[in-house]
1. Please pick out the residue among 79, 96, 132 that is at pLDDT 90 or above, open to solvent by less than 60 Å² (accessible area, probe 1.4 Å) and under 15 Å from residue 20 (Cβ atoms).
2. Which residues, taken from the range 141-160, are buried (at least 18 other Cβ atoms within 10 Å of the Cβ), small (Gly, Ala, Ser) and not in a helix (DSSP H, G or I)?
3. State whether one or more residues within the range 118-134 are in a strand (DSSP E or B), out of contact with any Lys or Arg (no Cβ under 9 Å at 6 or more places or on another chain), of a type in the set (Lys, Arg) and more than 18 Å from residue 177 (Cβ to Cβ).
4. Here are 90, 61, 70: which of them is in a helix (DSSP H, G or I), at pLDDT below 85 and touching a Phe, Trp or Tyr at 6+ places or on another chain (Cβ under 6 Å)?
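The values are calculated or read from the model by the stated rules, or taken from the named source; none is laboratory data. Values in this document were obtained by computation on a predicted structure and should not be read as measured data. Cβ coordinates were reconstructed from backbone atoms using ideal geometry, including for glycine residues, and neighbour counts include every protein chain displayed. We work out accessible area using only protein heavy atoms, side chains counted, and drop any ligands, DNA or RNA first. Shrake-Rupley method; radii C 1.70, N 1.55, O 1.52, S 1.80 Å.
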Amino acid sequence: MAKTYDVVVIGGGPAGYVAAIRCAQLGLETACVEKWINFKDEPALGGTCLNVGCIPSKTLLESSEHYHQLKEGIDSHGIHVEGVTLDELLKQADYITVHMPLTDATKDMIDEAAVEFGEKGVRIFNCARGGIIKETALVEALKSGKVAAAGLDVFEEEPLPADHPFRGIPNLVLTPHLGASTKEAQAGVATDV
């Protein structure tokens, strides 16, 4: 199947919206997937954490303020909002970025079965919540080359234990989840409350 999108953003809340806008501004064919069907054929709603502790930057604060006004006209920004199955989503993207809360419906959303549906060489990023991507599945997919690379700043257990299998995988970038610790984010939180 030919690629339909350069980037698929899972979760159309404020953080996903900002990610999709940035990708589209870079000229990447971008889909922002707000609703998806999980492997149990149940509809599930994407989105992102809206509480103040999850706001990583002033940009996100400003975008969140306008998010609901722009949601219906998002196509004008070069972004397509679609409902697709996770299988279709994984087959259509070179890059996947996850921006949604961890819920019963999103727990292990990207697991061994999901990785198998995907295109070989996909790159996956999770800056939302640990547990959305099943860690053991990601380790194996990275080692086998099914997933070419990944970037994470969230983990099922934080801080990440020193002996975690993620450590030492050369095609995996690990960073702490500290976006809300910038001066701009703290100032934005103070004025938003």
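1. Exactly one residue qualifies, and that residue is 96.
2. 150, the sole residue that qualifies.
3. Restricting attention to the range 118-134, the residues satisfying the condition of being in a strand (DSSP E or B) are 122-126, 133.
From what is left, the residues that are out of contact with any Lys or Arg (no Cβ under 9 Å at 6 or more places or on another chain) are 123-126, 133.
Narrowing further to those that are of a type in the set (Lys, Arg): 123.
This time we only want the ones that are more than 18 Å from residue 177 (Cβ to Cβ), so: 123.
Scanning the range 118-134, I find at least one residue that is in a strand (DSSP E or B), out of contact with any Lys or Arg (no Cβ under 9 Å at 6 or more places or on another chain), of a type in the set (Lys, Arg) and more than 18 Å from residue 177 (Cβ to Cβ), so the answer is yes.
4. On the way: 61 fails: touching a Phe, Trp or Tyr at 6+ places or on another chain (Cβ under 6 Å); 70 fails: touching a Phe, Trp or Tyr at 6+ places or on another chain (Cβ under 6 Å).
One residue alone meets the criteria, 90.
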